[in-house]
Amino acid sequence: MTAVETTETAAPAGDIPPALPPAVTGGARKRRRRGSAFDRALPYLLLAPALIAILWLIGWPVVSVFVTSFRQLNLGELVRGEIVWTGLDNYTTVLQDERFWEVSLRTVVFTVSVVGASVGAGLGIALLMRVLTPWVRIALQIAMLCAWAMPILASTTVYQWMFDQNYGILNKTLVQLGFDSFAGYSWFSSGSSTLSVVGLLIIWQAIPFLAFSLYAGLVGIPRDLYEAAGIDGASPWQTFRAVTWPEIKSLLMMVTFLSTLWDFKVFAQIWVFREGGPSGQSTTLPVLQYLEGIAKSHFGVAAAISVLMMVILGLITFQYLRKLLQTEEGKI
Amino acid sequence: MLKKSAANVAGLALALFFLFPTYWMITTALKPKGSTITSDYDLIPFSVTFSNFVTAWTKPGFLSSLGNSLLVTLTAVLAAIVIGITAAVAMSRFAFRGRKSFVLLMLVAQMAPFEALLIPMFLMMRDLQLYEHLSSLILVYFAVTLPFCAWTLRGFVNGIPIELEEAAMVDGCGRWKAFQKVTLPLLGPGLVATSVFAFITAWNEFLFAKVLIRSQDLETLPVWLSGFQTAFGTDWGGAMAASVLFTVPALVFFLIVQRKMVAGVTAGAVKG
């Protein structure tokens with residue numbers, strides 16, 4: 001509740017009044033059921049297009065990915081239209097493959113680092129923004145907006161240019177600063193180095209959303225709470241623990257959860273830099289799924305990988321939704 | 001006082017960090033041909049030319065992929081908004097059996113991991129004979145954005161007191177007219193914010209655009225730009241000019257709704 005109100009009363013960059021009408025004015029605004037058959041059917045008629053679309057374009061693929069994961073489906077079977085059931089073969093293939101475990105571990109480490117760094121930095125910047133002089137804050141907000149708005153493929157291209165081996169501005173700057181060994185240094189010669197650059201790119205583009213959301217949450221915290229803490233002689237850290245933290249905890253949990261979902265699924269940036277290379281060292285689960293399924297046409301095996309990805313994401317989502325529904329129950 | 005100026009210095013340093021790639025993209029795009037690939041230290045450009053933009057604009061594939069991207073994105077978002085708003089109104093204005101399940105379905109669908117549905121989507125589009133056809137992308141982007149639109153718009157509709165509509169109906173409006181004259185105009189800002197967010201999602205999408213479309217004539221802009229090295233070689237000036245042209249529509253939309261967007265996304269997601 002508090003998180004909702006705070007995000008809505010706060011306009012990130014300053015003085016324009018919030019455009020939304022105050023959202024939560026009380027629970028029920030449902031229309032009484034009326035007599036006529038049309039009136040009773042109306043909500044279902046309104047929902048029908050969305051429902052059909054979701055069942056067809058999301059529900060069916062979800063069923064289909066499970067079914068496909070129990071089939072042997074390579075290019076031959078696909079062209080001939082054969083249906084060959086193989087039971088759990090695809091799963092044993094995937095789970096016995098050492099590379100799968102290596103890739104899974106890499107994906108988890110990558111996701112956790114990127115989420116941790118971007119949420120931490122986002123919170124730090126949000127806290128910083130509160131103490132900045134207004135013109136500095138606006139400058140920072142405009143700069144973050146530029147990073148946020150850049151399409152992923154554009155920013156990936158720019159990062160490729162900045163990290164270019166011979167003419168990239170980063171290597172040239174490092175050489176200017178006296179680190180001569182960076183002349184002609186390749187940032188993409190190993191998987192961990194490649195993923196670090198990709199991670200930096202993702203963090204750089206993720207921070208603005210996080211900082212804006214958290215700042216909006218911070219601005220909404222009533223001033224008198226801070227005044228009270230000041231009168232009680234609380235240190236900055238105590239103020240943060242006792243006043244700020246409880247007020248933004250649910251918002252922080254939400255953006256952390258969203259970031260986890262987004263960063264786990266990253267494909268474009270990793271693929272465009274080195275197509276999961278060099279020699280597969282920057283391959284993550286979404287890249288592995290693409291390589292198996294689309295590049296090698298092993299659709300059954302790839303579907304098994306997809307299912308395993310969905311299980312991981314599903315567990316995270318379930319945990320989060322359970323918490324969300326516990327706190328917000330009765331308002332759905 | 002000292003503390004405050006230290007904070008301001010940190011703030012300005014961060015602003016530079018966030019701004020630099022944009023600055024570097026634009027200045028590289030404005031540099032004359034010979035002076036991009038150079039070992040000189042050239043942080044500030046001394047001569048400016050627009051020839052890179054002409055190069056990018058006239059590269060084979062740029063205009064057609066720009067057109068494809070616009071067509072696919074706008075069609076999908078329009079459909080998602082229209083269908084999303086009817087669902088949002090149903091969820092927020094009516095009491096009916098199964099309403100809670102619908103709302104929950106929408107919430108879960110919004111979090112569906114689309115990337116993990118790549119294989120079944122590919123197989124489905126192939127079965128429907130839509131593989132290599134832009135309508136397959138329209139369908140995917142529509143499906144990606146629809147639950148988000150419905151869910152977020154529901155939050156915005158909830159924010160408009162139903163009493164306003166009821167007052168209009170007392171004054172003799174029908175239900176549709178009351179919605180059209182009262183709720184729809186108040187929904188304006190929410191509609192803009194929601195559609196821009198959906199637009200950005202579809203405008204950015206890469207994986208499905210790469211998998212479902214193989215032929216060059218039907219490529220969207222992200223896929224075309226990902227292969228810029230085939231188009232530009234090491235012509236970084238041209239590649240940066242193309243990136244600028246790709247960024248402009250997104251940036252314009254962003255600036256229109258920036259303030260409402262944060263509120264929209266978080267409010268829509270939290271509000272049960």
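Descriptive notes on the structure:
- Efficiency of FRET from Cβ geometry, A:V67 and B:V82, R₀ 41 Å, rounded to 0.05: 0.80
- Against the rule of thumb 2.2 N^0.38 Å, how large the Cα Rg of the protein assembly as shown comes out: 1.01
- Whole-angstrom gap from region A:95-154 to region A:202-254, using each part's C-alpha centre: 18
- A Förster distance of 41 Å, applied to the separation of the beta-carbon atoms of A:F318 and B:W57, puts the FRET efficiency at 0.25.
- Computed from Cα positions, the angle between helix B:118-127 and the longest principal axis of chain B comes to roughly 80 degrees.
- Quotient of the Cα radius of gyration of region A:127-229 and 2.2 N^0.38 Å, N being its number of residues: 1.45.
- Approximate spin-label separation A:T93-B:L255, in nm, with each point projected 7 Å along Cα-to-Cβ: 5.2
- Under-5 Å amide H pairs with A:R71, H placed in peptide plane, nonlocal only: A:T86
- Couplings 3J(HN,Hα) of region A:80-87, computed from phi: 7, x, 7, 10, 10, 8, 10, x Hz, in residue order, whole Hz [Karplus 6.51 cos²θ - 1.76 cosθ + 1.60, θ = phi - 60°; x for Gly and Pro].
- Taking all Cα pairs closer than 8 Å and separated by 6 or more residues, the relative contact order of chain B comes to 31 percent.
- Put in order of Cβ neighbour count within 10 Å, fewest first, the listed residues A:E292, A:E227 become A:E227, A:E292.
- Separation of the alpha carbons by more than 29 angstrom is noted, of A:K265/A:K296; A:K323/B:K100; A:K172/B:K4, for A:K172/B:K4.
- Separation of region B:91-109 from region A:279-316 is 32 Å, based on Cα centroids.
- Per-residue Cβ neighbour rank within 10 angstrom, fewest leading, A:T284, A:T327: A:T327, A:T284
- Straight-distance crosslink candidates among aspartates and glutamates, where the alpha carbon sits under 16 Å from B:K59 and sequence neighbours closer than 8 are dropped: B:D217, B:E219, B:D235
- Against the main long axis of the alpha-carbon atoms of chain B, helix B:134-158 sits at an angle near 50°.
- Distance between modelled label sites at A:L55 and A:A242, nm, 7 Å Cα→Cβ extension: 5.6
- Inter-chain Cβ neighbour count for B:91-101, averaged per residue, equals 5 (cutoff 10 Å, partner chain atoms only).
- Calculated P(r) of region B:45-162 - Cα pairs past 19 Å, %: 62
- Each peptide among A:250-261, B:158-169 gets the average number of other Cβ atoms lying within 10 Å of its residues, and from highest to lowest they stand as A:250-261, B:158-169.
- Remark on chain B: hydrodynamic radius 21.7 angstrom, per the Kirkwood mean of 1/r across alpha carbon pairs.
- For region B:39-55, the Karplus equation 6.51 cos²θ - 1.76 cosθ + 1.60, evaluated at θ = phi - 60°, returns couplings of 8, 5, 8, 10, 5, 10, x, 9, 10, 10, 9, 9, 5, 5, 5, 4, 4 Hz by residue, with Gly and Pro reported as x.
- Shielding by partners for peptide B:240-248, expressed as the average number of C-beta atoms from other protein chains within 10 Å of each residue's C-beta, is 4.
- Relative contact order of chain A, pairs being alpha-carbon contacts under 8 Å that are 6 or more residues apart, as %: 28
- Calculated on C-alpha atoms, the gyration radius of region A:25-180 divided by its Kirkwood radius gives an Rg/Rh of 1.15.
- Amide H contacts under 5 Å for B:F94: A:R31, restricted to partners 5 or more places along the chain or on a different chain, H placed in the peptide plane at 1.01 Å from N.
- For chain B, calculated [θ]222 nm from helices alone, where every DSSP H run of n ≥ 4 adds -39500 (n - 2.57): -24500 deg cm²/dmol
- Taking all pairs of distinct alpha-carbon atoms in region A:57-328, Kirkwood radius in angstrom: 21.7
- Sum of -39500 (n - 2.57) over DSSP H runs of 4+, divided by residues of chain A (222 nm, nearest 500): -21500 deg cm²/dmol
- Difference of contour (0.36 nm per residue) and Cα-Cα distance, B:L164 to B:I44: 37.5 nm
- Once you reduce region B:128-158 and region B:174-216 to the center of their Cα atoms, the two points are 8 Å from each other.
- Taking Cα atoms only, the orientation of helix B:99-110 departs from the longest principal axis of chain B by about 10 degrees.
Read-outs throughout are calculated quantities, based only on the coordinates presented, and are distinct from any laboratory measurement. This is a predicted model, so every value here is computed, not measured. Here the Cβ is made from the backbone with ideal geometry for all residues, glycine too, and neighbour counts use every protein chain on show.
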